[in-house]
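Only the coordinates and a few stated rules stand behind these numbers; no lab work does. For clarity, every value in this text was computed on a predicted model and none was experimentally measured. Cβ coordinates were reconstructed from backbone atoms using ideal geometry, including for glycine residues, and neighbour counts include every protein chain displayed.
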Ligand code: SAH
């Protein structure tokens, strides 16, 4: 997990806004009350963290409350990491938005999600790579796949239960594997994109090898988020975005 520190780095923490009466809309005879998550998404859009329509749609459709512990459901729409047990947390929405915008997940892609924890980010990715019919829309096209790797078996089970209602596992859009993601996943490679939610000291060579040319890696290294783009077999462009805090990638 991941949390953005309030006082370090270049990116301010987005305050969670309360439900506002002036946002209440009258549509026909129905009063629509925006949820706290609708407000948070709106703030993340205004602050330019969320930009891409498909990622915004994924944030709206995949409910974070489905991925938190029962006693924390009331806090699910707050812009903070929350414990999921075993010393781990579900990522902060701002950080997930920031990382997904760097990753740019697209329909049809194969993505490796390392440190999948609660499964929330994996489900957001699945929504983006899935064919429209797998997202509940009628068109027929080939979809992509998310391979999620998590080292704590109890969290693998937790994430599987959390995403049951979205049917991504049943439809073959997500595969969750219990194991050490620091080595990537050779047998499922190559990947269009790789994303990690746990902090490494340096980028594992295996991730670079298992990426397609023009593929992207978005990962925390020494508590900065890095974007790597594979330009050729041995050449990567790199960009650093400092000021985040992550749990360690356990080697
Ligand atoms: N995106 C997840 C983040 C979970 S926190 C969510 O929002 O729920 C990061 C996760 O990385 C933790 O669950 C931790 O167990 C896992 N992790 C740490 N080192 C790992 C490794 N080497 N391989 C796989 N998972 C790892």
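Worth a mention:
- Residues within the stretch 67-95 that are assigned to a loop (DSSP other than H, G, I, E, B), more than 21 Å from residue 44 (Cα to Cα) and more than 9 Å from the ligand (Cβ to nearest atom), tallied: 1
- Considering (1) within 15 Å of the ligand (Cβ to nearest atom); (2) closer than 25 Å to residue 194 by Cα, the lone condition that residue 57 does not fulfil carries the number (1).
- Test set (1) on the phi > 0 side of the Ramachandran plot; (2) away from the ligand (no atom under 11 Å from the Cβ); (3) in contact (Cβ under 8 Å) with a residue 24 or more places away in the chain - residue 147 fails condition number: (1)
- Filtered by the rule that a residue be assigned to a strand (DSSP E or B), away from the ligand (no atom under 16 Å from the Cβ) and in contact (Cβ under 8 Å) with a residue 12 or more places away in the chain, the stretch 227-247 gives 227, 228, 229, 230, 231, 232, 236, 238, 239, 240, 241, 242.
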